Amino acid sequence: MDTVRAAAPQLAGLVPYDPKYLPAEALLSANESPTDIPPAVREQVRAALAQLELNRYPDPLANGLRDAIAAANGLRREQVLVGNGGDELLFDLALAWGGPGRAFLNLPPTFSVYAANARLTGTRVVDVARTAGYAIDEEAVLARVARGDIDFVVVTSPNNPTGSCAPLGFIERLLQATDALVVVDEAYCEFAGATALPLLEAHENLALLRTFSKAYALAGVRLGYILAHEGVVSELAKVRQPYSVDAVSQAIGRVVFENRAAFQPAIDAIVAERGRVTAALAAMDGVGPYPSDANWVLFRLEGAGGATAAATAAAAWEYLYDQGVLVRDFSSAFMLEGCLRATIGTSEQNDALLAALERFLESA
Ligand code: PMP
């Protein structure tokens, strides 16, 4: 044979996830921490890694890390599942709660990986779009789940890329209204100081997703976790790859989790800079920032010089990139026309973003 038969039909039309990561002086496109883990923590990481027997398989379920996470959240080991980044756990959720004949409720605009995972697993995607200001259309969501055919829903809080948290009162009403699995994606919750964890005890249909990639500065390591009832965790354990969390990641995760208090100053600095950047953007003519509870600010550019908002934002993205500042381009994305998303960086990086945007607006 000199040809190969077609891949699975659900892959037709899909494109691989592309973070559009380009080299730049100020990397403000991927919502990473602008600073690496503190030096004293890195020293402990080095010591922990020196102890590892790399010829042995890792603990398949990362029980040492599970126990630490469980204890910190007032839970038992069986209520925690660790994965190779939040992304892997999102895929496991789609495998376990989706599939042919099943339905996923999506609240766009939101993190694109959810809908991609649904398509890969043959799950029907039902969209209930957000309102013009990106709030969840609460009554529409409650009415949609009342039809009884939704198997799982993801509520992203804070929502990527729009920035604000879902109201806790809404999450509670949703949990009461449906037996669908309600996944609250809290990848950025440390910047919001808010969590749906208090709802877990009373609601078997709640799963919280967290990550080490953002507030804990470990995007390069790939560690995320789910907090849920034991029955949910045991279903997810059936679909997960046995050794997806390697020994190196487990060891680093344990050290970082034990030292999580050492990350609070960097989190506080991001929150303070977020306020400063939002205010500076709001003061610029033709720029509208959206309020953010996360480590980025989404902002919309008005069309300038006769160009559309989408074309102006695309031109601003190019200009910023030429000036060494990489932000995320949503300029022609669904419901986000004219928008760019800037991760909060160091104060120098944020200054570079603001100065370059001012120059763009003067020239536009
Ligand atoms: N959820 C949301 C909303 C995200 O933005 C991300 C990271 N882009 C993730 C989950 C997954 O993060 P990770 O795989 O790095 O843990």
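The values are calculated or read from the model by the stated rules, or taken from the named source; none is laboratory data. Here the structure is a predicted model, which means the values were calculated and not measured. Please note: Cβ atoms are built from the backbone with ideal geometry, for glycine as well, and neighbour counts cover all protein chains shown. Note: areas computed on protein heavy atoms with side chains; ligands, DNA, RNA excluded. Shrake-Rupley method; radii C 1.70, N 1.55, O 1.52, S 1.80 Å.
Scan region 310-323 and give yes if some residue there is out of contact with any His (no Cβ under 8 Å at 6 or more places or on another chain), touching a residue at least 60 places away in the same chain (Cβ under 8 Å) and of a type in the set (Phe, Trp, Tyr), otherwise no.
Checked region 310-323: at least one residue is out of contact with any His (no Cβ under 8 Å at 6 or more places or on another chain), touching a residue at least 60 places away in the same chain (Cβ under 8 Å) and of a type in the set (Phe, Trp, Tyr).
Out of region 1-32, which residues are among the hydrophobic types (A, V, I, L, M, F, W, C), open to solvent by less than 80 Å² (accessible area, probe 1.4 Å) and assigned to a loop (DSSP other than H, G, I, E, B)?
Our first condition is that a residue be among the hydrophobic types (A, V, I, L, M, F, W, C); within region 1-32, this holds for 1, 4, 6-8, 11-12, 14-15, 22, 24, 26-28, 30.
In the following step, the residues that additionally are open to solvent by less than 80 Å² (accessible area, probe 1.4 Å) were identified as 7-8, 11, 14, 22, 24, 26-28, 30.
Those that are among the hydrophobic types (A, V, I, L, M, F, W, C), open to solvent by less than 80 Å² (accessible area, probe 1.4 Å) and assigned to a loop (DSSP other than H, G, I, E, B): 7, 8, 14, 22, 24, 30.
Any idea how many residues of region 76-87 are farther than 12 Å from residue 237 by Cα and either within 15 Å of the ligand (Cβ to nearest atom) or crowded, with 24+ Cβ neighbours inside 10 Å (or both)?
4
In region 68-124, what count of residues is obtained for those that are over 19 Å from residue 228 (Cα atoms) and not in a strand (DSSP E or B)?
Total satisfying the criteria: 20.
Of the residues in region 227-260, how many are within 22 Å of the chain's Cα centre (by Cα) and closer than 30 Å to residue 204 by Cα?
Residues in region 227-260 being within 22 Å of the chain's Cα centre (by Cα) and closer than 30 Å to residue 204 by Cα: 20 in total.
Among the listed residues 172, 201, 235, identify the single one that is away from the ligand (no atom under 15 Å from the Cβ), open to solvent by 20 Å² or more (accessible area, probe 1.4 Å) and assigned to a loop (DSSP other than H, G, I, E, B).
201
Residues in region 48-65: is at least one within 16 Å of the ligand (Cβ to nearest atom) and not small (Gly, Ala, Ser)?
Yes, some residue in region 48-65 is within 16 Å of the ligand (Cβ to nearest atom) and not small (Gly, Ala, Ser).
State yes or no: is residue 187 within 9 Å of the ligand (Cβ to nearest atom), open to solvent by 30 Å² or more (accessible area, probe 1.4 Å), of a type in the set (Gly, Ala, Ser) and in a loop (DSSP other than H, G, I, E, B)?
Considered against the rule, which asks whether it is within 9 Å of the ligand (Cβ to nearest atom), open to solvent by 30 Å² or more (accessible area, probe 1.4 Å), of a type in the set (Gly, Ala, Ser) and in a loop (DSSP other than H, G, I, E, B), residue 187 comes out as no.
Which residue pairs have Cβ atoms under 8 Å apart, sit 6 or more places apart or on different chains, and have a first residue in region 345-364 that is within 14 Å of residue 302 (Cα to Cα) and open to solvent by 40 Å² or more (accessible area, probe 1.4 Å) and a second that is part of a helix (DSSP H, G or I) and polar (S, T, N, Q)?
Partner pairs satisfying both residue conditions: 364/312.
Among the candidates 181, 218, 209, 223, single out the residue that is open to solvent by less than 20 Å² (accessible area, probe 1.4 Å), at pLDDT 95 or above, more than 15 Å from the ligand (Cβ to nearest atom) and out of contact with any Lys or Arg (no Cβ under 8 Å at 6 or more places or on another chain).
On the way: 218 fails: more than 15 Å from the ligand (Cβ to nearest atom); 209 fails: more than 15 Å from the ligand (Cβ to nearest atom); 223 fails: more than 15 Å from the ligand (Cβ to nearest atom).
Exactly one of 181, 218, 209, 223 is open to solvent by less than 20 Å² (accessible area, probe 1.4 Å), at pLDDT 95 or above, more than 15 Å from the ligand (Cβ to nearest atom) and out of contact with any Lys or Arg (no Cβ under 8 Å at 6 or more places or on another chain), namely 181.
Under 9 Å by Cβ, and 6 or more places apart or on different chains, what pairs join a residue from region 33-45 that is open to solvent by 70 Å² or more (accessible area, probe 1.4 Å) with one that is of a type in the set (Asp, Glu) and at pLDDT 95 or above?
Matching pairs, first to second residue: 42/36; 44/258.
Quick check, is residue 239 touching a Ser or Thr at 6+ places or on another chain (Cβ under 6 Å) and within 28 Å of residue 104 (Cβ to Cβ)?
For residue 239, the condition - touching a Ser or Thr at 6+ places or on another chain (Cβ under 6 Å) and within 28 Å of residue 104 (Cβ to Cβ) - is not met.
Residue 355 passes all but one of (1) over 20 Å from residue 218 (Cα atoms); (2) under 23 Å from the mean Cα position of the chain (by Cα); which number fails?
Failed condition: (2).
Mind telling me which of the residues 73, 63, 55 ends up being in contact with a strand residue (DSSP E or B) (Cβ under 7 Å, 6 or more places away or on another chain), at pLDDT 95 or above and open to solvent by 10 Å² or more (accessible area, probe 1.4 Å)?
Every option except 73 fails the conditions.
What number goes with the only condition from (1) over 28 Å from residue 97 (Cα atoms); (2) within 16 Å of the ligand (Cβ to nearest atom); (3) over 20 Å from the mean Cα position of the chain (by Cα) that residue 282 does not pass?
(2)
Which of the residues spanning region 88-104 are open to solvent by less than 50 Å² (accessible area, probe 1.4 Å) and either touching a Cys at 6+ places or on another chain (Cβ under 8 Å) or away from the ligand (no atom under 16 Å from the Cβ) (or both)?
Matches in region 88-104: 96, 97, 98, 99, 103.
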